[in-house]
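The values are calculated or read from the model by the stated rules, or taken from the named source; none is laboratory data. Remember, it's a predicted structure, so these values are computed and weren't measured experimentally. Methodologically, a virtual Cβ is constructed for each residue, glycine included, from the backbone with ideal geometry; neighbour enumeration extends over all protein chains shown.
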Amino acid sequence: MKKNPSREELLKGIWRDNPVFVQVLGMCPMLAVTNSAINAVAMGMATFFVLVGSSFLVSTFRHLIPKQVRISCFIIIIATFVTIADYTLLALVPGVHKELGAFIPLIVANCLILGRQEAFASRYPTKLAVMDAIGMASGFVLALLSLGSVREILGDGALFGIKLFGENFEPWVIMILPPGGFLTLGVILLFFNWFKSKKDEFLEEVAAAQRSES
Amino acid sequence: MDNFLWIFVSALLVNNFVLTYFLGLCPFLGVSNSLETSARLGLATTFVMLVTAVCAWLLNTYILVHAPYLRLICFIVVIASTVQFIEMLIKKLSPALFRAMGIFLPLITTNCAILGLAIFATNRGYGFWQGIVYALGAGIGFTLALVLLAGLREESELSDVPKLIKGTAMNLIIAGILSMAFMGFAGLFSTT
């Protein structure tokens, strides 16, 4: 089967190389804003915009940026997009902006974004770079959303602010407090490890079966 | 004086940067495998924080009042150049220390705790001395969290844990428990 390179780049970020669960990048915003699903979505959208925008610019100008000062150039490009995202969110959804607070400007220091520029966008043509950015950003949004939903359901008994359980639900408050973020992500990573080890076992079995056949 | 003490203890324990604001998690999870390196990195970060607090105050007072939308770009450029400058300074003054710090020194640039410090101090409208006390508290708090996790990790290396949970998953759960312990400090001061 012939593989479509841009589709490959798009898909790898969502599952196989998921930036949060597999590469463990961009943890700070990941844990800080996922105390409710709506915050997680707003943060995810802002990061998506910044990542795709800066990947596009960096990849377009990759031959013009001198090697020695590339990191500074990337950071300035990223900071510009973050400023745009910051002011856009402030104008569109002031409530969410207030709740996210300082964490929107902090997208600049998200190592996932700088990492993608350095590892991918500065080396590949624009089309592939944008595809890679969309994939990685979707993976990030997915991770934010899953963590945010788990924490909101357990800690508040609600999802996107809609109560899921009846009056008798006793909220598990620790989940929306800081320790809950660490614990939830720890358990999710544990699940990923388990999944990977199962997969490795399965692949080994298949290989063994093939060996015995031949 | 009371005010300064409150800012210091708040940044150090009650609102510890790593364990309650989730800032600077990358070095927190990445570097905390030995006590010595984490203490060194903590000290270097504290120093960068102090310099950043001074620079942020200068920028805010004299330049950014005219162009607030340039704040983020200015801060990040200042932090990047401070780190670069400190790197050169240490290399010149003490090559041994420079070699010991290795890659961690340039990586301080992407530590969100530093940028977070500058932004929080601006948002709260801290003055010059308040900013310095805040940076000191935050830096020592960062070092404290780093050293605590490093100590726990060194212990857990020797114990028999299931293979599945080894690595980041276990570190996160340890950090969660540490964070719970730090929540106990919340009642230390009454805010009224």
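Is it true that B:GLY141 is assigned to a loop (DSSP other than H, G, I, E, B), within 14 Å of chain A (Cβ to nearest Cβ) and among the small types (Gly, Ala, Ser)? Working first, answer last.
Values: assigned to a loop (DSSP other than H, G, I, E, B): no; within 14 Å of chain A (Cβ to nearest Cβ): yes; among the small types (Gly, Ala, Ser): yes.
Spelling it out, it is not the case that B:GLY141 is assigned to a loop (DSSP other than H, G, I, E, B), within 14 Å of chain A (Cβ to nearest Cβ) and among the small types (Gly, Ala, Ser).
All but one of (1) more than 30 Å from A:ASN35 (Cβ to Cβ); (2) free of Cβ contacts under 8 Å to residues at least 12 places away in the same chain; (3) more than 14 Å from chain B (Cβ to nearest Cβ) hold for A:ASP200; state the number of the condition that does not hold.
Status for A:ASP200: all satisfied but (3).
Counting only residues that are modelled with pLDDT of 80 or more and either among the hydrophobic types (A, V, I, L, M, F, W, C) or touching a Lys or Arg at 6+ places or on another chain (Cβ under 8 Å) (or both), how many does region B:28-59 have?
The qualifying residues number 17.
Please note which helices (runs of 4 or more DSSP H) are completely contained in region A:1-62 and include at least 2 residues that are among the aromatic types (Phe, Trp, Tyr). Spell out the reasoning first.
Numbers: elements: A:5-14, A:27-32, A:37-60.
Once the helices (runs of 4 or more DSSP H) in region A:1-62 are filtered for at least 2 residues that are among the aromatic types (Phe, Trp, Tyr), what remains is A:37-60.
Please go through region B:1-24 and give me each residue that is free of Cβ contacts under 8 Å to residues at least 24 places away in the same chain and either farther than 17 Å from A:LEU106 by Cα or surrounded by fewer than 23 Cβ atoms within 10 Å (Cβ to Cβ) (or both), ordered by number. Write out each step before concluding.
So in region B:1-24, the residues free of Cβ contacts under 8 Å to residues at least 24 places away in the same chain come out as B:1-2, B:5, B:15, B:22.
Those that are free of Cβ contacts under 8 Å to residues at least 24 places away in the same chain and either farther than 17 Å from A:LEU106 by Cα or surrounded by fewer than 23 Cβ atoms within 10 Å (Cβ to Cβ) (or both): B:MET1, B:ASP2, B:LEU5, B:ASN15.
Could you please let me know if B:GLY131 is small (Gly, Ala, Ser), buried (at least 18 other Cβ atoms within 10 Å of the Cβ), part of a helix (DSSP H, G or I) and under 13 Å from the mean Cα position of the chain (by Cα)?
Details: small (Gly, Ala, Ser): yes; buried (at least 18 other Cβ atoms within 10 Å of the Cβ): yes; part of a helix (DSSP H, G or I): yes; under 13 Å from the mean Cα position of the chain (by Cα): no.
Criteria not met by B:GLY131.
Rundown of residues vs (1) in a helix (DSSP H, G or I); (2) in contact with a Pro (Cβ under 9 Å, 6 or more places away or on another chain); (3) acidic (Asp, Glu), yes/no style:
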position	(1), (2), (3)
B:PHE22	no, yes, no
B:PHE28	yes, no, no
B:ALA39	yes, no, no
B:LEU43	yes, no, no
B:PHE47	yes, no, no
B:HIS66	no, no, no
B:ILE73	yes, no, no
B:ILE79	yes, no, no
B:LEU105	yes, no, no
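Out of the residues in region B:107-128 that are in a loop (DSSP other than H, G, I, E, B) and either at pLDDT 80 or above or away from chain A (no Cβ under 13 Å) (or both), state the one that is nearest to A:CYS111 (Cα to Cα). I'd like the intermediate steps shown before the answer.
Step one: of region B:107-128, the residues in a loop (DSSP other than H, G, I, E, B) are B:111, B:124-127.
Within this subset, residues satisfying the condition of being either at pLDDT 80 or above or away from chain A (no Cβ under 13 Å) (or both) are B:124-127.
On the way: B:ARG124: 26, B:GLY125: 28, B:TYR126: 28, B:GLY127: 30 Å.
That would be B:ARG124.
Filter region A:101-119 down to residues that are buried (at least 16 other Cβ atoms within 10 Å of the Cβ) and over 16 Å from the mean Cα position of the chain (by Cα) and give me whichever is nearest to A:LYS12 (Cα to Cα).
Initially, region A:101-119 is screened for residues buried (at least 16 other Cβ atoms within 10 Å of the Cβ), giving A:102-117.
Subset that is over 16 Å from the mean Cα position of the chain (by Cα): A:102, A:105.
Values: A:ALA102: 31, A:PRO105: 27 Å.
This residue is A:PRO105.
Of a type in the set (Phe, Trp, Tyr), surrounded by fewer than 20 Cβ atoms within 10 Å (Cβ to Cβ) and within 14 Å of chain A (Cβ to nearest Cβ): is that true of B:PHE85 in this structure? Break it down stepwise before answering.
On the way: of a type in the set (Phe, Trp, Tyr): yes; surrounded by fewer than 20 Cβ atoms within 10 Å (Cβ to Cβ): yes; within 14 Å of chain A (Cβ to nearest Cβ): yes.
Yes.
Only one residue in A:ASN168, A:ASN110 is of a type in the set (S, T, N, Q) and free of Cβ contacts under 8 Å to residues at least 12 places away in the same chain, so which one is that? Walk me through how you get there before you give the answer.
Numbers: A:ASN110 fails: free of Cβ contacts under 8 Å to residues at least 12 places away in the same chain.
When all the criteria are applied, what remains is A:ASN168.
Within region A:81-92, track down each residue that is surrounded by fewer than 17 Cβ atoms within 10 Å (Cβ to Cβ) and under 21 Å from the mean Cα position of the chain (by Cα). Even if it seems obvious, please write down each step before you answer.
Taking region A:81-92 and keeping what is surrounded by fewer than 17 Cβ atoms within 10 Å (Cβ to Cβ), we get A:84, A:87-88, A:90-92.
Listed by number, the residues that qualify are A:ILE84, A:THR88.
Take the residues of region A:171-197 that are within 14 Å of chain B (Cβ to nearest Cβ) and not in a helix (DSSP H, G or I): which is farthest from A:GLU99 (Cα to Cα)? Walk me through how you get there before you give the answer.
Let us first name the residues in region A:171-197 that are within 14 Å of chain B (Cβ to nearest Cβ), namely A:172-197.
Imposing the further condition that a residue be not in a helix (DSSP H, G or I) reduces the set to A:172, A:176-177.
Details: A:TRP172: 21, A:ILE176: 14, A:LEU177: 14 Å.
If we take residues in region A:171-197 being within 14 Å of chain B (Cβ to nearest Cβ) and not in a helix (DSSP H, G or I), then A:TRP172 is farthest from A:GLU99 (Cα to Cα).
Do we have A:GLY148 as under 25 Å from A:ASN39 (Cβ atoms), within 11 Å of chain B (Cβ to nearest Cβ) and either among the polar types (S, T, N, Q) or assigned to a helix (DSSP H, G or I) (or both) here?
no
Give the number of residues within region B:134-155 that are touching a helix residue (DSSP H, G or I) at 6+ places or on another chain (Cβ under 7 Å), farther than 30 Å from B:ASN3 by Cβ and without any contact (Cβ under 8 Å) to a residue 60 or more places away in the chain.
Residues in region B:134-155 being touching a helix residue (DSSP H, G or I) at 6+ places or on another chain (Cβ under 7 Å), farther than 30 Å from B:ASN3 by Cβ and without any contact (Cβ under 8 Å) to a residue 60 or more places away in the chain: 1 in total.
Of the residues that make up region B:88-98, is at least one under 23 Å from A:GLN68 (Cα atoms), of a type in the set (D, E, K, R) and modelled with pLDDT under 80?
Of region B:88-98, the ones under 23 Å from A:GLN68 (Cα atoms) are B:88-92, B:95, B:98.
Next, only the ones that are of a type in the set (D, E, K, R) stay: B:91-92.
Narrowing the set further to residues that are modelled with pLDDT under 80 leaves none.
No.
For region B:95-104, does any single residue satisfy the condition of being touching an Asp or Glu at 6+ places or on another chain (Cβ under 6 Å), surrounded by 16 or more Cβ atoms within 10 Å (Cβ to Cβ) and of a type outside the set (Ser, Thr, Tyr)?
Initial filter on region B:95-104 (touching an Asp or Glu at 6+ places or on another chain (Cβ under 6 Å)): none.
No, that holds for no residue.
Taking the residues in region A:151-170 that are out of contact with any strand residue (DSSP E or B) (no Cβ under 7 Å at 6 or more places or on another chain) and assigned to a helix (DSSP H, G or I) as candidates, determine which candidate is surrounded by the most Cβ atoms within 10 Å (Cβ to Cβ).
In the first step, residues of region A:151-170 are kept if they are out of contact with any strand residue (DSSP E or B) (no Cβ under 7 Å at 6 or more places or on another chain); the result is A:151, A:154-156, A:158-163, A:165-170.
Then drop every residue that is not assigned to a helix (DSSP H, G or I), which leaves A:151, A:154-156.
Numbers: A:ARG151: 26, A:LEU154: 16, A:GLY155: 19, A:ASP156: 21.
Only one residue tops the list, namely A:ARG151.
Is at least one residue of region A:127-137 modelled with pLDDT under 85 and among the basic types (Lys, Arg)?
Going through region A:127-137, the residues modelled with pLDDT under 85 turn out to be none.
Checking region A:127-137: not a single residue is modelled with pLDDT under 85 and among the basic types (Lys, Arg).
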